[in-house]
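Just below is one structure, and these are the notes that go with it.
The values are calculated or read from the model by the stated rules, or taken from the named source; none is laboratory data. Just so we're clear, the structure is a prediction, and the values are computed from it rather than from any experiment. In this analysis, Cβ positions are derived from the backbone assuming ideal geometry, glycine residues included, and neighbour counts consider all displayed protein chains.
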Amino acid sequence: MAGSRRALRFVLLLPAILGALLPPAAAAGPPKVSLALYYESLCPYCSRFIVTRLAGIFDSGLIHAVDLLLVPYGNAHVRGANNTISCQHGPDECLLNNVEACAINAWPDLNVHFGFINCVEDLVMNRKREEWKSCFQKQGLNPKPVMECYNSEHGHKLSLKYGKQTDALVPPHKYVPWVVVDGQPLYDDYENFEAYVCKAYKGHPPKICQGLGRDYPIVQQVVEAGTGVTYNSGDFELDEGVEDEIKMVQGDDN
């Protein structure tokens, strides 16, 4: 009887013993793939990518294989000694960039801040950006932390921080959306980001990876001058709808 009890105790303790002996990485499972999106809030291609493509990783299970980072700054520039930020699509874009930066800061939980940003970008995509405050109620969120943030110097500092992250990219970003997987920019092949994530992930692949059927991806083979991106235009600000017209013209030329 005593021998049986000792054997049972050993069996019960075995998982804890093995867990202690395994290296931390093995015990925690395979590392996640870093997935970063550098974007600006009023870029039509960015909003479309967030709403129609990136949001899908929460339903497909791919979210469990990635560490997703959102960087709302894009093609903005810092001007003058007082660090004024000038945004490509004007003051409204600076405001929403700031709001989304504050949301990330206020709600570090990815599910929470992505839900809010996805809601805002869905309104942008449907030309209802002035209704962005409705996303607080839609997502069941208290607006106070975000409102206080973007109405204060703290929001501006967050935008400056994201600006530094964007400007530190190697190679530098050429347009938005700019998607980076494990440090590798995807250029205008960004809509195929799932294939790159699946290739980089070392764990059991999510079901979505089974249907991709690509022998590679090799970013170097991607033509960088395609459509579906918003180029950095410096001081020039594109009016609302102009980028869609440019895309239509480019499509006719192809």
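Give region 60-106 a look and list any residue that's among the polar types (S, T, N, Q) and closer than 12 Å to L160 by Cβ, or say none. Working first, answer last.
Residues of region 60-106 among the polar types (S, T, N, Q): 60, 75, 82-84, 86, 88, 97-98, 105.
Answer for region 60-106, where residues must be among the polar types (S, T, N, Q) and closer than 12 Å to L160 by Cβ: N82, N83, T84, N97, N98.
Within region 139-194, the residues that satisfy the criterion of being outside any loop (DSSP other than H, G, I, E, B), among the aliphatic types (A, V, I, L, M) and surrounded by fewer than 19 Cβ atoms within 10 Å (Cβ to Cβ) are M147, L160. Out of all the residues in region 63-90, which are of a type in the set (D, E, K, R) and closer than 20 Å to P206 by Cβ? The one that is of a type in the set (D, E, K, R) and closer than 20 Å to P206 by Cβ: D67. Elements of the type strands (runs of 3 or more DSSP E) sitting completely within region 22-123 and holding at least 3 residues that are surrounded by fewer than 24 Cβ atoms within 10 Å (Cβ to Cβ) and among the aliphatic types (A, V, I, L, M): these cover 33-39, 66-72.
In region 55-76, the residues that are touching a residue at least 24 places away in the same chain (Cβ under 8 Å) form Cβ pairs under 7 Å with partners that are part of a loop (DSSP other than H, G, I, E, B) and small (G, A, S), at six or more places apart or across chains, as follows: A65/G203; P72/S41; N75/S233.
Going through R48, R6 one at a time, which residue ends up being of a type in the set (D, E, K, R), at pLDDT below 95 and out of contact with any Asp or Glu (no Cβ under 7 Å at 6 or more places or on another chain)? Criteria check complete, one pass: R6.
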